[in-house]
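Contents: one structure, followed by commentary.
The values are calculated or read from the model by the stated rules, or taken from the named source; none is laboratory data. Since we're looking at a predicted model, the values are computed, not measured. Neighbour counts are summed over all protein chains in view; Cβ atoms, including those assigned to glycine, are modelled from backbone coordinates with ideal geometry.
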Amino acid sequence: MATRWFGAPVQRTEDPRLLRGRGSYVDDFDLPEMLHAAFLRSAYAHARIVHINTSAARELPGVHLVLTAGDLGELLEPSPLLVPHHALTQPRTQLPLARDVVNYVGEAVAMVVAENRYIAEDALDLIDVEYEPLPVVSSLEVAAMDNAPLVHVDVPGNVAAHLVQTVGDPDTVFTNAPHVIREHFVIDRGAAMPMECRGVVARWEPQEGSLTCWISTQGPIPIRNGLAAIFKLPEHKVRVIAPDVGGGFGTKIMMFYPEEILTPFAAIRLNRPVKWIEDRREHFISANQERSQSHDVEYAFDDQGILLAVRDTFLHDTGAYTPYGIIVPIITACTLPGPYRLKNYYSEFTVLYTNKVPVSPYRGAGRPHAVFIMERIMDGIARELHLDRAEVRSRNFIQPDEFPWDVGLVYQDGGPTKYDSGNYQAGLDKLKTLLDYDNFPAMQAEARKQGRCLGIGIGCYVEGTGIGPYEGAQVRVESDGRVFASTGITTQGQAHFTTFAQIVADQLGVDPKDVLVITGDTQAFNWGMGTYASRAATVAGSAMYLAAKKVREKAKQVAADLFEASPEDIELADGKVFVRDAPHRALTLGQVAISANPLRYAYGENARKLMSMKLAGPRPGPALPPERGGPGLEASEFYSPPHASFASGVHGAIIEVDPKTGMVSFLKYAAVHDCGKVINPVVVEGQVHGGVAQGIGGAFFERLVYNEEGQIINASFMDYLLPTAAEVPPIIVDHVETPSPLNPLGVKGAGEAGVIPVPALFASAIDDALSAFGVRVREMPLHPNRLFELLQEQQGG
Amino acid sequence: MQEQEEAPAFLEESDIAVIVNGHSYERRVPVRQLLSDFLRHELHLTGTHVGCEHGVCGCCTVLLNGEAIRSCLMFAVQADGMAITTIEGMAGNNSDLHPIQQAFMEKHGLQCGFCTPGIIMTVHSMLRDNPNPTEEEIRHELSGNICRCTGYQNIVEAVKLAAERMRAFQSESEMD
């Protein structure tokens, strides 16, 4: 593989547009005659709908349509269960509009379509819903109680799923282990909070019988397929476009959010374009959330600090529905062993319904929880045996010659949890250097003399990335020499327009600026899933590589025929195709593209140029020989990974805690990251920076607080605090590259990585800073108040 | 339609005249229309984004008579007679980006791009008032704009680079 552009810090081709304010996000589409939708959402976490009166709303001038469940007819079907699993015995998914019962604050109850959003919201105020409140399951603790109220009357004990997985023989090991510690850990809810909320614009073209939807989504192709089925349209008559998407982080990979069905439904019914844009308040109560789990953990280890066995029994809060199956707790269970040689492991989880916003993956997707627990275990061993925390990790690491390493569990994709490559000690060594780890104790002691509480923490993780089933790509050279490369995945800021262009440019000998990458448009590429699970670069990137390689081979064949040379002697560079050692025998890539299409009519400057050259005439036989595989310089390829590829990393930080206020500040933060071969280091580092910032939010600021009535009491950016530039420290990033043997590029996913180890290292650093107070952090997220309480508890008693 | 007299006060309309990015606009707008909605959906200047509608995230930041403000926190009628600069007015139709925009591109100071226009307007106002900010000052000034993608690091780097270039340009102009 030629690698002129692969690995280079190429500037993003998408930036000038976005920087000039010429991006096109969903709310930027204003179509002629367009109407605007708004949704009435349940004010109750759990209630029976006794009666809905919409007559006043319907009469409001400017209102075109008011819908409740009773108006939906065949549309009143629960959303599909995206990822069924045998352990998920009681799946429940949401209706587009609640019919008899509402199950969380924010569940959609009615839809209004009006001349503008202001009138639509006026009409919402005129809808009168009579509710009969039901007992609320406001937390995992309530859900798990004996005789708990039921979220769904037909789901006993609120249990959606129960799964046990065992590796080795943990029972025997626990019986004979020299040391066993039991602890309880809790992780609370947070949310992705992309800066752009969700949104849908739908346009129905009755003459063509075609539906076009612009949706702020991470998966337009599954949505296209679903909408075609719902509206009984041929798939090619439904076009779903994810235009510029202002962040997703998992919350926008869903099928369906109710609005994604109802907005096109209204557009078809009214025969006018309809727009719905989620506001931030709605986002807090109706876009999927994550993170809440409660773990009972036992761990056994020997005198040397070698981890012998882990028993982890945990409860997972799925909210009111299971739209995404049990992906998140499965990932937690499979991520927990991390970079360590854990050979005896009992994992049991129970998925419980609560009267809260449904749960689906949010960046990290079950992994920060698992890493928090395993790293707490490592710290627990170090504390018990008075060993250095980094040393305990080193003693337990899987060694570079032990790959592939089979953890022994079934991963989220149904494949093995089998690590393909890695070098964990190399990462830790780099991190220790970056943090000046060995000299920290002296620094800490010096600070303590001044009454300052400094702590250092590290967090190691292994992350399953790049799952299947597949993605595809089509690469096409047009007659002007520009290369169009399309794929079914989407982009929410990950720089695919640039990184995929780099991959293609290397194959075709062009500048990445001349490769126009198209993502997120079902008309540009028909097949695929979407961008989630840190898979786009690995899976779609590999497909891009394969398609571009095929086009390269085709260009060589076509040029070899024209020059009467051997394909092996043809080279592609600087936008030209030429005979090696005879560069005067050269055509532009565009001219080869023209020649690759055996037209009887050609036009333009390139055609005249081709005519003027002494090139070989057509070969005898068919104009398009079968081995060419079709006209033009165009090829489509698909890539389907054998199983997930496992990236890894280790982060560390030096923090200072003010025991008087509970406030924490970061003095230094370093991340060493291994995502295999790096396509564009600037992009990967940007992904890590952003992940760390979200991790810091998830560890210290962001907790969605539900009260006993199931109301989120901090549903605004005033109260749910996202970290700002003032809280996020400078982050030093370094790389280890252990190429993945699973795909042709040797890459692994990078998108979620940054967020994963932050709660773990944060807890470790706080323990260290407050060791004089005997603090042991067993919950996430903390926030200054809570940390202050923990200190008071320790001091009081 | 209801009679004009029966309409509640919030349905009233009012004439306004504003200058946006150097162009004069006269429009009749509902009195309750937010300035952000006016810019985006009346003038079709969709570069100004709306991220929270409660004045915290900073995506909708524009310059009003030169000051960085939240366009989601005021009504269009309140801008009557004022001059507004939006992201579209930074480089206009010039082929070159504004130095702040250029620095954001070179330093990878944006990912999804949704918060970027608001941040650039904030930075524009920041550097006018303080052409040589320290990193701490930059981070403090940026703390009214939330970015969920970048972790801010490359934004801070971009601001430093832009400040440096704009200072150099300023001293060159003064020498001329």
Among strands (runs of 3 or more DSSP E) entirely within segment A:633-706, at least 1 residues that are within 14 Å of chain B (Cβ to nearest Cβ) occur in A:645-658, A:663-674
Expected single match for among the aliphatic types (A, V, I, L, M), at pLDDT 95 or above and within 21 Å of A:D429 (Cβ to Cβ) among A:A693, A:A670 is A:A670
Please indicate, with yes or no, whether at least one residue in segment B:1-21 is over 16 Å from A:L19 (Cα atoms), within 9 Å of another protein chain (Cβ to nearest Cβ) and buried (at least 20 other Cβ atoms within 10 Å of the Cβ). no
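From the list A:L72, A:L67, pick out the single residue that is at pLDDT 95 or above, buried (at least 20 other Cβ atoms within 10 Å of the Cβ) and farther than 19 Å from A:K356 by Cβ. It would help to see each step written out before you state the result.
Details: A:L72 fails: buried (at least 20 other Cβ atoms within 10 Å of the Cβ).
Residue meeting the stated conditions: A:L67.
Within segment A:754-774, how many residues are touching a helix residue (DSSP H, G or I) at 6+ places or on another chain (Cβ under 6 Å) and crowded, with 23+ Cβ neighbours inside 10 Å? Let's see the steps before the verdict.
Going residue by residue through segment A:754-774, those that are touching a helix residue (DSSP H, G or I) at 6+ places or on another chain (Cβ under 6 Å) are A:754-760, A:762, A:764, A:773-774.
Remaining after also requiring crowded, with 23+ Cβ neighbours inside 10 Å: A:754-760, A:762, A:764.
Residues flagged as touching a helix residue (DSSP H, G or I) at 6+ places or on another chain (Cβ under 6 Å) and crowded, with 23+ Cβ neighbours inside 10 Å within segment A:754-774 amount to 9.
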So which residues in segment A:7-35 are buried (at least 23 other Cβ atoms within 10 Å of the Cβ) and more than 9 Å from chain B (Cβ to nearest Cβ)? A:V26, A:L35
Any idea which of (1) in a loop (DSSP other than H, G, I, E, B); (2) over 30 Å from A:R452 (Cβ atoms); (3) within 19 Å of the chain's Cα centre (by Cα) is the one A:T738 doesn't satisfy? (3)
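Name the single residue that is farthest from the other protein chains (Cβ to nearest Cβ) among those in segment B:22-43 being aliphatic (A, V, I, L, M) and under 25 Å from B:C147 (Cα atoms).
So in segment B:22-43, the residues aliphatic (A, V, I, L, M) come out as B:29, B:31, B:34-35, B:39, B:43.
This time we only want the ones that are under 25 Å from B:C147 (Cα atoms), so: B:34-35, B:39.
On the way: B:L34: 9, B:L35: 14, B:L39: 10 Å.
This residue is B:L35.
Do we have A:V186 as within 14 Å of chain B (Cβ to nearest Cβ) and touching a strand residue (DSSP E or B) at 6+ places or on another chain (Cβ under 7 Å) here? Step through it out loud before you land on a result.
Values: within 14 Å of chain B (Cβ to nearest Cβ): no; touching a strand residue (DSSP E or B) at 6+ places or on another chain (Cβ under 7 Å): yes.
So A:V186 does not fit the description; no.
Kindly indicate the residue of segment A:36-47 that is part of a strand (DSSP E or B) and among the small types (G, A, S) and also nearest to the other protein chains (Cβ to nearest Cβ) among those meeting that condition. Reasoning before the result, please.
Looking only at segment A:36-47, we keep the residues that are part of a strand (DSSP E or B), and these are A:36-41, A:47.
Next cut, among the small types (G, A, S) only: A:37-38, A:47.
Values: A:A37: 15, A:A38: 13, A:A47: 27 Å.
Checking each candidate, the answer is A:A38.
Which of the residues that make up segment B:28-44 are within 25 Å of A:F717 (Cα to Cα) and either of a type in the set (D, E) or part of a loop (DSSP other than H, G, I, E, B) (or both)?
Our first condition is that a residue be within 25 Å of A:F717 (Cα to Cα); within segment B:28-44, this holds for B:32-41.
Once the filter is applied, which keeps residues that are within 25 Å of A:F717 (Cα to Cα) and either of a type in the set (D, E) or part of a loop (DSSP other than H, G, I, E, B) (or both), segment B:28-44 yields B:R32, B:Q33, B:D37.
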Filtering segment B:146-176 down to residues that are part of a helix (DSSP H, G or I) and within 9 Å of chain A (Cβ to nearest Cβ), which residue is surrounded by the most Cβ atoms within 10 Å (Cβ to Cβ)? B:I155
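Within the group B:T122, B:T116, B:T134, B:T46, which residue is hydroxyl-bearing (S, T, Y), surrounded by 24 or more Cβ atoms within 10 Å (Cβ to Cβ) and either within 10 Å of chain A (Cβ to nearest Cβ) or more than 14 Å from B:N21 (Cβ to Cβ) (or both)?
Values: B:T122 fails: surrounded by 24 or more Cβ atoms within 10 Å (Cβ to Cβ); B:T134 fails: surrounded by 24 or more Cβ atoms within 10 Å (Cβ to Cβ); B:T46 fails: surrounded by 24 or more Cβ atoms within 10 Å (Cβ to Cβ).
None of the other options fit; the residue is B:T116.
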For segment A:274-286, how many residues meet the condition of being more than 13 Å from chain B (Cβ to nearest Cβ), buried (at least 23 other Cβ atoms within 10 Å of the Cβ) and not aromatic (F, W, Y)? 2
From the set of residues in segment B:51-65 that are without any contact (Cβ under 8 Å) to a residue 24 or more places away in the chain and at positive phi, which is farthest from the other protein chains (Cβ to nearest Cβ)? B:N65
In segment A:165-187, anything within 30 Å of A:E282 (Cα to Cα) and buried (at least 21 other Cβ atoms within 10 Å of the Cβ) is listed as A:I187
